[in-house]
Every structure is written in C-alpha cells, then in structure tokens.
Amino acid sequence: MVGRVKLESLTSLRFVAAFWVVLYHTMPQAGRSGFGIDLTKLGYSAVTLFFMLSGFILMFVYRRFDSRAAVTRFLVARIARIYPMFALSLLIDLPRLALFRIAKYGLIAGAGYSGVTLAAQLSLLQSWYPPIGALNYPSWSVSTELFFYLAFPLLLPLVARVRARGAIVAAMAALWAVLVATGILLDDHTPYGVGDLWRNPALRLPEFLLGMFLTQLIVRDGRPVTTPAVLALSALASIGAIALLIHDLDGRIAEVLLLPGFALLIAVLASASGPLARVTQHRTAVLLGEASYALYLLHAPFSIFYDALGVSGIPGAYFGYLAVTIAASIAAHLWFERPMRVRIVTWWDQRSAARRASPLAPASQPAG
C-alpha cells in the first residue's frame, strides 16, 4: 500500500505546518527568540506549504477522471472535506464580531451587518474580495483552496501529459520564476491596494501547480524516485535558506524562497522509511495531522477567548491555551468534521446510485 504509507507521512506534516501558523499568530513576543532565530515570524509561509502539499497529494491520488460523474464526486468530496469545519469556525467567531459591531453601530445595525458578513464569507469568496473576510481571519486560505479544487480537474490532464523530467523541471522553474516576480511586486511593503493581492487565488495557483509537478517529478509507477530530484531541491533550498538568514527577509518574498525547501521536505517524507517513517506514520502523529485543519481554523477564535480571560500574564498559561486548542481540534475532527464529511459523501453516493438506477437516468458522460 505505497500510496497509503506516503500519505500518512505527509499527513503528519500537515500538523507541523498548522502548528507553525498557530505560533505565528499567537505566541507571546517574549518567547519568540529563545533560540536566537525567530522562526515563528515566518509561520505565515506554512500556508504556502499547505497549497503545495495539496497539489502533490491530489496529483498522487487522482491520476485521472473517467467521467463527469467522477469529477463531480471529487468536488463533492472536497467540499465535504473543507466546508463543515469552515462554517463552524465562522459561527464560533460570530459572537465576537457581533458584539463589537453592536457596540459600535447599535443593536439592529450591528447585528444586521454581522449577519451580512457571515453570509458573504459562507460564499467562500473572501480571498477574491478580502474586505468581506472579517470573521476568523486565517480562513481566507479555505477560499483559495476551493479555487484549486475547482481548477484541479482541468489542470490534471495538462500536468499529466508532462512526463519528461527536463520538461517537468522547466515547468517548475517557470512557475517559481513567476512566484519570485509576484513576490517582489506584492511584498508587504507595497501599498495596501496592491499588497493585499497576495491572497488572490489566481496568484497563488503556481504554488498548487508546483505540488502537482513535484508528483510528476518524483513519482513513477506509484513509487517515489527521489535521488536526483532531492539533490537539486537541496541545493535550491540551501540557497533560499542562506538568503533568508543573511538578509533577514520576511513577507511574500520569504515564502517564495522557502518553496524549494518545502518541496524537498515533501519529497523526503513521501519516501520516508526507517526511523523517520516510524515517527511520521505513528498513529498519534497521523491523528494530529488529520486534526490539523480543525487546528488551523480554531486557533484564532480560541486565541481571542484566551486573551479575553486575561490570563496571559500567568506563567504557563500560553501552554494551556495550546493544549486546549489542540485537544479541541482533535475533538472537532473526530466528532464533527469527519462525521460530517462521511455523511455528505454518503448522501451524494446514495443520491447518485438512485439516479443511476432510475430508468430515466442519462448515460454517464466522459470527462472530456
């Protein structure tokens, strides 16, 4: 079961990425430089890792779609994966926004304005139009991820046709060059009207495509062949790391420079064996990885509750926040996120089976 093992190793990586984001958003300033280098300041770049990892995994699992029905089921499964937890996180954060706006605008206007914001964000359009994203600020990336899911069935046959290693490397280099150029233009130091475009799904698409092409580069016949690729990625990752350390970079350009390192990390874990595999495929690590999406979406609302308690000055209180948030994320995954996903997909499968059984059902159409 090569695919299952590799995905378990990469599942544990998702927890590391989500926890990095949590530290970036919530870690007290006093504790950030305890080891001389503040790695938490780059925690926002873990979203880039998520996007690349998503492209890699989807390309690894879905090698082709045989029909339009298969494409539709893929999209239903993806929406079932992201939407219930996304909606729950908005509802958890809604009282905070409503109370603030009621205090500012009055009961009717404040409550109505908050309701409009909730409805707008439930449309998953906030990464296209950031001003509507007033609830649970990290959730913008879910909107971007949905765009990737919608684009994937169209991108899959195009990327799958590129099989020569030289062509794959050239495509990845071109995508990275695009990201370097946009990273410079859309860095945090640009005016707000331009810099805010870094959330735009179309501008983040190359990160997802890099993950797809990485699958093409290191996987052959369902097995990773990583040696030449890992050497090249190691060199690029080293250059990026040196540039970050020498120039103390952050912002969008830092994310771009970290991309080769992220690709290297994915490649190494995709072929994990021995002690590394035993750690990354341990059931605890896998469970934490499976709960990483809930952790990503719950950490900001929980942080607001933690700050409201006024306990941040108590020694060890922050570690209590982390423990409670991780525990709540595991509980949300086990008792809400996963059951809702199964329920939605099962409902769709039963509905599709009933339609196929109907004598009036149309014949299945090829995916095109």
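The values are calculated or read from the model by the stated rules, or taken from the named source; none is laboratory data. Since the structure is predicted, the reported quantities are computational estimates derived from the model, not experimental observations. Cβ coordinates were reconstructed from backbone atoms using ideal geometry, including for glycine residues, and neighbour counts include every protein chain displayed. Side chains included, ligands, DNA and RNA excluded: accessible areas come from the protein's heavy atoms. Shrake-Rupley method; radii C 1.70, N 1.55, O 1.52, S 1.80 Å.
Some points to look at:
- Within the stretch 296-341, being under 27 Å from F74 (Cβ atoms) and of a type in the set (F, W, Y) holds for Y296, W335, F336.
- So L58, is it in a helix (DSSP H, G or I), at pLDDT below 85, open to solvent by less than 60 Å² (accessible area, probe 1.4 Å) and more than 17 Å from G251 (Cα to Cα): no
- Restricted to the stretch 1-23, and to residues there that are touching a Ser or Thr at 6+ places or on another chain (Cβ under 6 Å) and either crowded, with 20+ Cβ neighbours inside 10 Å or over 24 Å from V286 (Cα atoms) (or both), the residue that is modelled with the lowest pLDDT is S9.
- Boolean, P130 is open to solvent by less than 40 Å² (accessible area, probe 1.4 Å) and under 24 Å from W335 (Cα atoms): no
- Flag for I37 being modelled with pLDDT under 90, of a type outside the set (K, R) and open to solvent by 30 Å² or more (accessible area, probe 1.4 Å): yes
- Leading residue by the ranking (nearest to L214 (Cα to Cα)) among those in the stretch 249-281 that are free of Cβ contacts under 8 Å to residues at least 24 places away in the same chain and outside any helix (DSSP H, G or I): S273
- Hits in the stretch 117-162 (condition: charged (D, E, K, R) and within 15 Å of the chain's Cα centre (by Cα)): E145
- Near pairs, Cβ below 8 angstrom, 6+ apart or cross-chain, from the stretch 123-152 (more than 23 Å from L23 (Cα to Cα)) to any residue that is part of a loop (DSSP other than H, G, I, E, B): Q126/G133; W128/N200; I132/L125; I132/Q126; L146/L124; F147/S127; F152/Y62
- Selection within the stretch 61-97: residues that are modelled with pLDDT of 95 or more and among the polar types (S, T, N, Q). The member of this set that is farthest from the chain's Cα centre (by Cα) is T72.
- Restricting attention to the stretch 307-335, the residues being open to solvent by less than 60 Å² (accessible area, probe 1.4 Å), over 14 Å from P28 (Cα atoms) and either not in a helix (DSSP H, G or I) or not small (G, A, S) (or both) number 5.
- Residue within the stretch 163-170 that is at pLDDT below 95, crowded, with 19+ Cβ neighbours inside 10 Å and in contact with a helix residue (DSSP H, G or I) (Cβ under 7 Å, 6 or more places away or on another chain) present: yes
- Members of the stretch 133-145 that are in a helix (DSSP H, G or I) and either surrounded by 15 or more Cβ atoms within 10 Å (Cβ to Cβ) or modelled with pLDDT of 95 or more (or both): P138, S139, W140, S141, V142, S143, T144, E145
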